[in-house]
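Okay, so here's the structure we're looking at.
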Amino acid sequence: MTDPMPVEIKDMTLDNLTVGRVAVRVYQGAEYGKGPPVLIYFHGGAFRHAGLVDCPMAECLAGIGAIVVVPDYNALGSVFPKPLEVGFSVFTYMAKKRAGFGDRKSLLLVGGSEAGGNIAAAVSLKARDHFADELDGQVLVSPLLDPFMGTPSFRKAEAIGMRDLWADGWSHYLSGGVCHPYAAPSACSRLSGIAPALLLSSQDDPLLDETLNYAQRLKSAGVEVRQHVLPAGTGWPSVYGGKTEEAPSWQESASSQFASFVRDIGIQRSDLKPL
């Protein structure tokens, strides 16, 4: 891959959304080309973190030409369904207007890491139910999908300092009293018809098993899926704030997978256009 381009970062507010005003942090490559992919990316934070935060994955993907919009999705509250309502409101707004980002050729994707991956998966499900043709793809980076936290790989959560955070986060997020499929996508029984998905994890990621399990369920439902598991030792848990002793070296793999995923979606979309 070529070296990443410089990334410009700016904070702004999206007005006139159905939920009101939402603050976003925008990551944009300084030399992006025509029709850049537009990615709405939900940051991690164990369902609790509100406000605009630095997002290493957003900066990484902007460095290869994407425009990445990271909303403050907990602005109205961090208990389900409030974060989803904000996330879906940002998506519908971008779907209709692109909010000045990209152009008519730009692909529109949602994505997220950890708890943000949960929100992205839920927005994809809801998009299937309401705006099936508007969402071009979803990028799930170690998504936090299973409130039972019972997979074998999850046993590694204590070592990276996330087990208690995730347990408390799930209790908080679901404290509204109902476990809707949008709240825990791993429990959703109807996955067909949603946007193509890229799922990323690593061999030393506590969320590896639920990432792969969800990928397999999407495949079984007929969804187009690309999955990639990075080797251990790339500092992958740092993507969502986990402790790691390794210097992060996951960027090139993540960039390459995203670029290939976007390229394939773009080719498919071009093939579907009427002559």
When you look at Leu145, is it in contact (Cβ under 8 Å) with a residue 40 or more places away in the chain and in a loop (DSSP other than H, G, I, E, B), yes or no? yes
When Asn74 is evaluated against the numbered criteria (1) touching a Pro at 6+ places or on another chain (Cβ under 6 Å); (2) part of a strand (DSSP E or B), which criterion, by number, is the only one it fails? (2)
Inspect segment 112-125 for any residue being in a loop (DSSP other than H, G, I, E, B) and either in contact (Cβ under 8 Å) with a residue 40 or more places away in the chain or of a type in the set (Asp, Glu) (or both) and give the result as yes or no. no
Flagged in segment 77-98 as closer than 20 Å to Val26 by Cα and among the polar types (S, T, N, Q), in numbering order, are Ser89, Thr92
Residue within segment 111-119 that is surrounded by 17 or more Cβ atoms within 10 Å (Cβ to Cβ), of a type in the set (Asp, Glu) and closer than 23 Å to Val262 by Cα present: yes
Odd one out for Arg263 among (1) assigned to a helix (DSSP H, G or I); (2) closer than 26 Å to Phe148 by Cβ: (2)
How many residues of segment 174-186 are at negative phi and more than 18 Å from the chain's Cα centre (by Cα)? The answer is 6
Single match in Lys105, Lys156 (criterion: basic (Lys, Arg), assigned to a loop (DSSP other than H, G, I, E, B) and either out of contact with any helix residue (DSSP H, G or I) (no Cβ under 8 Å at 6 or more places or on another chain) or surrounded by 17 or more Cβ atoms within 10 Å (Cβ to Cβ) (or both)): Lys105
A careful count of residues in segment 3-29 that are in contact (Cβ under 8 Å) with a residue 24 or more places away in the chain and assigned to a loop (DSSP other than H, G, I, E, B) gives 5
Taking only pairs six or more apart or across chains, which ones have beta-carbon atoms under 6 Å, a first residue in segment 204-227 that is under 18 Å from Phe154 (Cβ atoms), and a second residue that is modelled with pLDDT under 95 and in a loop (DSSP other than H, G, I, E, B)? Glu210/Asp146
Any residue at all in segment 169-181 that is in contact with a helix residue (DSSP H, G or I) (Cβ under 9 Å, 6 or more places away or on another chain), buried (at least 21 other Cβ atoms within 10 Å of the Cβ) and under 15 Å from Thr211 (Cβ atoms)? no
Specify which of the listed residues (Ser201, Ser192, Ser238, Ser249) is small (Gly, Ala, Ser), assigned to a helix (DSSP H, G or I) and at pLDDT 95 or above. Ser238
All positions within segment 221-245 that are more than 21 Å from Pro4 (Cα to Cα) and either more than 19 Å from the chain's Cα centre (by Cα) or charged (D, E, K, R) (or both): Ala221, Gly222, Glu224, Arg226, Pro231, Ala232, Gly233, Lys243, Thr244, Glu245
I'd like to check something: does segment 58-65 contain any residue that is in a loop (DSSP other than H, G, I, E, B), surrounded by fewer than 22 Cβ atoms within 10 Å (Cβ to Cβ) and among the β-branched types (Val, Ile, Thr)? no
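The values are calculated or read from the model by the stated rules, or taken from the named source; none is laboratory data. No experiment lies behind these values; they were computed from the predicted model shown. Positions of Cβ are backbone-derived with ideal geometry, glycine not excepted, and every protein chain shown enters the neighbour counts.
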